[in-house]
Amino acid sequence: MRKFYTSLVCVMLIAPLSSTVYAADTEATEEKIENVEEVIEVENDSEEWLEDAIEAEPEEEVILEGYENLGPMVYKSSAVSSQIAANEEGEYFIYYIMHGSPAALIVVNYETKEIVHNFSLEDSKSAWGLDVDESGKLWIGGSVSSTLYSYDPNTEEFKKHGAIFSNKSDTSIQDLIVSGTKVYAGSAYGGSLVAYDTETEKIEEFGQIRKRREFVKAIVADEKKDEIYVSIGSPMDLLVKKPKTKNFTSFLPSKYMSEKYAQDLVLTDKFIVARLHPSNIAVIFDRKTLKVVDEFELNSQTVSAISPKEDSLYYTKKEQLIKYDFETKEHTELGVYLPKGTEAINLDFIIKDSVDLEVDKEINDDAGNKLPIIDDSLGDDLTEEIPSEETEEVVLSGMVDNLGQIFEYNLRTGKMTHHQLDLPEQPVELYTLASSSDGTKIFANGYMSGGLGVLDVQTGNKELYRNISQIESMFDINNKLYIGAYPLARLLVYDREKEWATGNPKEVIRMDQYGQSRTTAVAPFNEGKEIIFGTLPDTSVDGGALAFYDTITEKLEIHENYIYNQSIVSLVTRGTQVFGGTSIHANQQVNPRGARLFYFNRSNPEDKKYIHLPFDASMITSLLVDNNDKVWGMADGKLFVYTDEWTDIKSVELLPLISGRFRNAQIIENVDGFIYGSLEGKLFKVAKDTLKVEWLKDKGVYGLEKDLNGNLYYYDGSNLWKYTIEQNRKVK
């Protein structure tokens, strides 16, 4: 991810986390409520197959009749990545990437800690690839459209260079590194590598590094030696392209092949350091032999480059800063600590004249006026040259949390200080919607940054509950909102009759103890006396779990690996029957058998039966039971309806191809008798008797919920939209 230039004043590196831009003040009707649920930040875990949709370049949209933009629902200040670097004059800046829709670059003066610039990263919602060239110019790799940006601190010019990958699958730049005049960038989800020439603006494409590897997660390069090192995944591999060769060669030992990827690489003159994920291990390779020479545990997202003062690097473990000596392989605990509960996200060196870091002495007269300092104690020694190493101070600094808090460690004095900056909020892209059981409230959760916005559909007032993480699924019944929260596949219960405070939402269970990653489906049973939820498994776990939560006794019943090697992504109940749909995507693998539609009687969940669909599908993403007790579902791009085992299944194809995301569709039955749905960003309605399809909107429709009057709500980016159905418009 970085290369260390011995001729440079500053060496830097970044590690993924989360991002945001300056947001306008919320409306006067919006009440901001602090949530005290445990804050579990969502890191850039974009290797997950479900994270990002492939989106086209944004276009100016004409608002059609019946559609109303209700604006953002969630705001948050969430820094996903950071880097500290100097301009040509030696003035240092902190660069923050703020998660949001759109993302933003915040430029902070390092000395004053004041914001000097706020640039919107149009076409991106995050950015994890940051690096500076030899002039101090910052290069940024964006998400969504693989857009490259730059900021020159010498001229204060910000520039958008556009998309740098030709493959439409390469939607997100995972990492970039500058070496000489080349910016090397790696992508998801095409797993490609490119080199952008900063002088000619020409792009050299290396293509996909390895088949079936969707991510180029980290890069280091040495243009002078014509060497490129990359980390790909998942699963992990490390490869090198040597001089005068076209191909990349693997050098990863077999013992590390179970890892997902190396999330960061650091290159020195002699070594390559790989920070592995998900294990907290750094592995050091000899650059000549490509053999492992050492490994150690750490908690920081990365390690520093080599210290400008010695043959050492720095990292953090259990909040403590530790120094590693390359020659002796010794680890020195420095006895200084980061704020509680944090670890270093980036570790950058700052080199300055020592006079810039010292506190000025003051001499005052009797009246308290400051007098000039005259120091003639040096005498003739003033004419002598002071050795340069004695006039330089080296400081190690970096970000430690999503709030942008940084630490400063002085290598000479051994002292550490912490600084909390006030970074601006940004509208957050929405991720999951739900409606209250009475249809008077719409709940909206933010992607990665979390937060829960609540819209009162009758008054238009908004509330914002903060510090709740990303939500995969949620359902409201009996004035309680049941939440499937990410990470750790948690089930939470928010009692809406009580104040949002400590213990409310209440955590019921963390399914990660059963090897689960996300709670992807939530449904009530027996009028809410039980809550059923299904999960997506993590790596090395066979299949998703099916679980039952008794809301009265608070007891749990868990069935592990319920559908072998598949995830449970949709659930619905019909009397004593429970219906579920799966996805072939599970534990970072793809099950070739195809998605399964299943049902069982609640009295015996293990006695499940499979319903054969008259077509193949990879995902059954949304299920509902209509007022005639028929089960409707979305399977890839097809809408189907199931009555019973004696009745043929009817279906209609809406789209021939889908993106492969389990959240690609949502269907509801409405008060006007139609089935409405969102599919791959498109809005449609279907007549229940004939299955005749009417397309209402061809883009920008994600998620779908209805209010008490049958009006629809969906999101596009950070904005919540309302669609007033035709029969309600006629009433007006």
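Checking the table Lys529/Lys609; Lys159/Lys685; Lys217/Lys462; Lys125/Lys309; Lys260/Lys352; Lys225/Lys317 against a 32 Å threshold on Cα-Cα, which pairs fail?
From Lys529/Lys609; Lys159/Lys685; Lys217/Lys462; Lys125/Lys309; Lys260/Lys352; Lys225/Lys317, over 32 Å: Lys159/Lys685; Lys217/Lys462; Lys125/Lys309; Lys260/Lys352; Lys225/Lys317.
Using Cβ counts within 10 Å as a stand-in for footprinting exposure, how do Val194, Val293, Val686 rank, fewest first?
The most exposed by this proxy come first: Val293, Val686, Val194.
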Seminar exercise, completed: A correct Karplus calculation of ³J(HN,Hα) over the stretch 206-219, with 6.51 cos²θ - 1.76 cosθ + 1.60, θ = phi - 60°, whole Hz and x for Gly and Pro, returns 8, x, 5, 5, 9, 5, 6, 10, 8, 10, 9, 8, 8, 9
Problem set entry | Gain upon complete extension [Val293, Thr332; 0.36 nm per residue less C-alpha separation] | 12.2 nm
Seminar exercise, completed: Here, Gln458 and Asp286, labelled 7 Å along Cα→Cβ, have an inter-label distance in nm of 7.6
Problem set entry | the stretch 527-603: GluC sites (Glu not before Pro) in DSSP loop, at most 13 other beta carbons within 10 Å | Glu527, Glu554
For this session: Mind sorting Trp500, Trp128 by how few other Cβ atoms lie within 10 Å of their own Cβ, fewest first?
Result: Trp500, Trp128
Problem set entry | Check: the stretch 216-278 dipole with +1 on Lys, Arg Cβ and -1 on Asp, Glu Cβ, in debye | 140
Seminar exercise, completed: Relative contact order in percent for the stretch 556-691 (Cα pairs under 8 Å, 6+ apart) equals 15
Exercise. Non-local amide H neighbours of Gly543 (under 5 Å, H modeled in plane, Pro and chain starts lacking H): which ones?
Worked result: Asn561, Asn565
Exercise. Using a simple spin-label model with points 7 Å from Cα along the Cα→Cβ vector, what separation in nm is obtained for Lys159 and Asp550?
Worked result: 6.7
Exercise. Where a ≥ b ≥ c are the square roots of the eigenvalues of the C-alpha gyration tensor, would you call the stretch 429-731 rounded, which needs a/c under 1.5, or, failing that, prolate if a/b is larger than b/c, or oblate?
Worked result: rounded
Seminar exercise, completed: Mean separation of Cα contacts under 8 Å (at least 6 apart) over the residue count of the stretch 429-731, i.e. the relative contact order in percent, is 10
Exercise. Between Ser618, Tyr723, Phe674, whose Cα lies farthest towards the positive end of the dipole of the stretch 429-731 when Lys and Arg beta carbons carry +1 and Asp and Glu beta carbons carry -1, centred on the Cα centre?
Worked result: Tyr723
Problem set entry | Packing-based exposure ordering (other Cβ within 10 Å, fewest first) of Trp632, Trp646 | Trp646, Trp632
For this session: Report the calculated FRET efficiency for Val693 and Asn728 (r = Cβ-Cβ distance, R0 = 25 Å), to the nearest 0.05.
Result: 0.75
Problem set entry | Long pairs among Lys168/Lys318; Lys137/Lys697; Lys480/Lys630, criterion Cα-Cα beyond 32 Å | Lys168/Lys318; Lys137/Lys697
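Select from the stretch 187-219 those trypsin sites (Lys or Arg not before Pro) which occupy a DSSP coil region and have at most 12 other Cβ atoms within 10 Å, ordered by residue number.
Details: sites: Lys202, Arg210, Lys211, Arg212, Arg213, Lys217; in loops: Lys202, Arg210, Lys211, Arg212, Arg213.
Of the trypsin sites (Lys or Arg not before Pro), the ones in loops of the stretch 187-219 whose Cβ has at most 12 other Cβ atoms within 10 Å are Lys202, Lys211, Arg212.
No value in this document is a laboratory result; all are computed from the given coordinates. Note that the coordinates shown come from a computational prediction; the quantities given were computed from them, not determined experimentally. Backbone-built Cβ (ideal geometry, glycine too); neighbour counts: all protein chains shown.
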